[in-house]
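Participant: One structure follows; several queries about it will come next.
The values are calculated or read from the model by the stated rules, or taken from the named source; none is laboratory data. Just so it is clear, the model here is predicted, and its values are computed rather than measured. Positions of Cβ are backbone-derived with ideal geometry, glycine not excepted, and every protein chain shown enters the neighbour counts. For the accessible areas, the whole protein counts, side chains as well, though only heavy atoms, and no ligand, DNA or RNA atoms are used. Shrake-Rupley method; radii C 1.70, N 1.55, O 1.52, S 1.80 Å.
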Amino acid sequence: GRLRQAYLLFGTRVICQATRLAWAPLLIYISKELNLNHARQGQVLSSFSFGYLFTQVVGGIAADKYGGKPVQTVALVGSSLGMLLIPVVVDYGFWALCSIYFLMGLCQGPSHPGYNAMAAIWFRASERGWVSSVCEAGPVTGTLLSLLIAPRLAATYGWRTSFTVFGLITTVWSIIWQHFAYSNPSEAPREDDEQSDEEAGGSDNQSIMNLTKKLSSGNLVKHSKMINPVAGHDHNKTTTHKKRKIEATLAQNQVHPSLQQHDTVKTVARASSKFPFAFFTFLPVWGVIGQHMIFNTSRYFFADWTAIYYDERFKRNPETSGILLSMPFAAGAVVQMLISGVEGPMIKRGWTPLDVRKIMGGSGFLITAVCLMMMTTTLSEYTFCFWLSLLEASLACHACGYKANYMDLTTRHQGIFMGTGNTIASICTFGMPLAVAAYLDMFHDWNGIFLALSALNFIGIFINQRITVVKELHVAEV
């Protein structure tokens, strides 16, 4: 059950990212048809992020209150409709193109807080690095698929066909998601729900709330018969053992009284009914958001502009540079999956979660900064591809860095926290294409952009090392 939810979240992240970034290589074909310059290209690329800005906080509140599944469904359906409409709408001109991409961003805005809200409920604290890595492999894989498949479809069948194929794939996945995904364990079938309980996993707070409910309601004997219906079994002994286990678990985790409610779903809704302004007065919260902003700037600069860079700098169009475009993101996807198994062994060997966040996050920023500096010296597309591959691999480290740190600081306001953080970080993805386009039109120089991004990542190292904490901030503390 829990693994299924993790891989469903992974697949949804793949689809959302693929539909978002298929635009990057296909924009070259659209630009030639509509005669778009750098400024117009930047406006198109920014239109998605502009829509993305408006719905993340609202989506985070909705995810906390209603669950992550409906929020992700909106993102999938909106993406599917957008991709299917583009071949028709583009005939109405530039602003029609921007409008559809804007609406796709509006629908996808809640997807990030939605996935975080689901992950925080379904998985234990000790599994956050793993589930974060699995889910964050989704955008990397989606980027890889979009850059590899979209140009080839466009070159063979036309760019309109490429949009249609991505739209149909998204429609199929939407049906799969709707049938198999569940916002929290209480909505899942019995076999999935039991796997998410204290015997098989689930988030620490979720398991503790379930245990507390059984302890206070006096239904331990009934529960023990349900999970262990063996004739002649001594249920009194089982009850005593489970009661001691529950009391020990509560003492060990120091459960906050507000978490010891009988209705788990209602508890989450009550905790999220008001925006937790006091929570955002803590410096570590802004440390996470600051790292997110720097990560987004680097990630989406290359996702949006690499195809255009190859076309202008090395005269390689998307279909002839397909391998060069996809190889860096393939490297990132492989490393992302490898990173998923790193946190557990590190903690077993004596590293603390804080050590993991600083080592992985600091390494990600440092390697990215160095790669960006080296790109200013590249003379061929193959050298550039090497440095970009190393850079994309280094970005995978952040799954055990600031991305897992989102879940460290709060579970009860996970949707709002991620929604707010991703909204602020998306300001970078909105403004960056416009700034890059203006800079290129003025100076016609890519190296200045690489150096500016390198400086940002050195700032990221400072934030990661000096501000990161892993303490959960409960409602009573803020």
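Participant: Run down Ile359, Ile347 and say which single residue is modelled with pLDDT of 95 or more, farther than 17 Å from Thr306 by Cβ and in a helix (DSSP H, G or I).
Facilitator: Exactly one of Ile359, Ile347 is modelled with pLDDT of 95 or more, farther than 17 Å from Thr306 by Cβ and in a helix (DSSP H, G or I), namely Ile359.
Participant: Which one of these does Leu21 not meet: (1) within 16 Å of the chain's Cα centre (by Cα); (2) surrounded by fewer than 21 Cβ atoms within 10 Å (Cβ to Cβ)?
Facilitator: Of everything listed in (1) within 16 Å of the chain's Cα centre (by Cα); (2) surrounded by fewer than 21 Cβ atoms within 10 Å (Cβ to Cβ), Leu21 misses just condition (2).
Participant: Could you list, in sequence order, the residues of the stretch 302-345 that are among the hydroxyl-bearing types (Ser, Thr, Tyr) and under 18 Å from Ser394 (Cβ atoms)?
Facilitator: Listed by number, the residues that qualify are Thr306, Ser326, Ser340.
Participant: Shifting gears a bit: How many residues are in a helix (DSSP H, G or I) and surrounded by fewer than 16 Cβ atoms within 10 Å (Cβ to Cβ) if we restrict to the stretch 436-450?
Facilitator: Qualifying residue count for the region: 6.
Participant: In the stretch 381-398, what count of residues is obtained for those that are hydrophobic (A, V, I, L, M, F, W, C) and either open to solvent by 10 Å² or more (accessible area, probe 1.4 Å) or touching a Gly at 6+ places or on another chain (Cβ under 7 Å) (or both)?
Facilitator: 7
Participant: Of the residues Thr378, Thr368, only one is part of a loop (DSSP other than H, G, I, E, B), touching a helix residue (DSSP H, G or I) at 6+ places or on another chain (Cβ under 8 Å), open to solvent by less than 10 Å² (accessible area, probe 1.4 Å) and within 30 Å of Leu36 (Cβ to Cβ); which?
Facilitator: Thr378
Participant: For the stretch 341-348, does any single residue satisfy the condition of being crowded, with 22+ Cβ neighbours inside 10 Å and within 24 Å of Gly138 (Cβ to Cβ)?
Facilitator: yes
Participant: Picking from Leu324, Leu354, Leu338, which residue would you name as being open to solvent by 60 Å² or more (accessible area, probe 1.4 Å) and part of a helix (DSSP H, G or I)?
Facilitator: Leu338
Participant: Inside the stretch 399-435, can you point out the residues that are open to solvent by less than 10 Å² (accessible area, probe 1.4 Å) and among the hydroxyl-bearing types (Ser, Thr, Tyr)?
Facilitator: Matches in the stretch 399-435: Tyr402, Tyr406, Thr410, Ser426, Thr429.
Participant: Among the residues in the stretch 324-333, are any over 23 Å from Ala154 (Cβ atoms), within 23 Å of the chain's Cα centre (by Cα) and of a type in the set (A, V, I, L, M)?
Facilitator: The answer is yes, given that some residue of the stretch 324-333 is over 23 Å from Ala154 (Cβ atoms), within 23 Å of the chain's Cα centre (by Cα) and of a type in the set (A, V, I, L, M).
So that you can scan it fast, the table gives a plain yes or no per residue for (1) more than 26 Å from Thr411 (Cα to Cα); (2) among the polar types (S, T, N, Q); (3) under 15 Å from the mean Cα position of the chain (by Cα); (4) modelled with pLDDT of 90 or more:
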residue: Tyr7; (1), (2), (3), (4): no, no, yes, yes
residue: Lys32; (1), (2), (3), (4): yes, no, no, no
residue: Val71; (1), (2), (3), (4): no, no, yes, yes
residue: Val74; (1), (2), (3), (4): no, no, no, yes
residue: Gly82; (1), (2), (3), (4): yes, no, no, yes
residue: Gln108; (1), (2), (3), (4): no, yes, yes, yes
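Participant: Determine whether Trp286 is open to solvent by 10 Å² or more (accessible area, probe 1.4 Å), part of a helix (DSSP H, G or I) and touching a residue at least 24 places away in the same chain (Cβ under 8 Å).
Facilitator: So Trp286 passes the test.
Participant: If Thr164 passes every condition in (1) modelled with pLDDT of 95 or more; (2) under 22 Å from Ala333 (Cβ atoms) but one, which one does it miss?
Facilitator: Every condition holds for Thr164 apart from (2).
Participant: When the residues of the stretch 34-54 are filtered to those that are hydroxyl-bearing (Ser, Thr, Tyr) and at pLDDT below 90, which remaining residue is farthest from Pro113 (Cα to Cα)?
Facilitator: Ser46
Participant: Could you list, ordered by first residue, the pairs with Cβ atoms under 7 Å in which the first is in the stretch 434-458 and more than 20 Å from Gly362 (Cβ to Cβ) and in contact (Cβ under 8 Å) with a residue 40 or more places away in the chain and the second is surrounded by fewer than 19 Cβ atoms within 10 Å (Cβ to Cβ) and among the basic types (Lys, Arg), at least 6 apart or interchain?
Facilitator: Pairs that qualify, where the first residue is more than 20 Å from Gly362 (Cβ to Cβ) and in contact (Cβ under 8 Å) with a residue 40 or more places away in the chain and the partner is surrounded by fewer than 19 Cβ atoms within 10 Å (Cβ to Cβ) and among the basic types (Lys, Arg), are Trp446/Arg313.
Participant: Another one. May I ask you to list the residues in the stretch 289-313 that are open to solvent by less than 30 Å² (accessible area, probe 1.4 Å) and farther than 14 Å from Asn422 by Cα?
Facilitator: Ser298, Phe301, Phe302, Ala303, Asp304, Trp305, Thr306, Ala307, Ile308, Tyr309, Tyr310
Participant: Within the stretch 370-384, is even one residue more than 18 Å from the chain's Cα centre (by Cα), more than 19 Å from Ser133 (Cα to Cα) and among the aromatic types (Phe, Trp, Tyr)?
Facilitator: Checked the stretch 370-384: at least one residue is more than 18 Å from the chain's Cα centre (by Cα), more than 19 Å from Ser133 (Cα to Cα) and among the aromatic types (Phe, Trp, Tyr).
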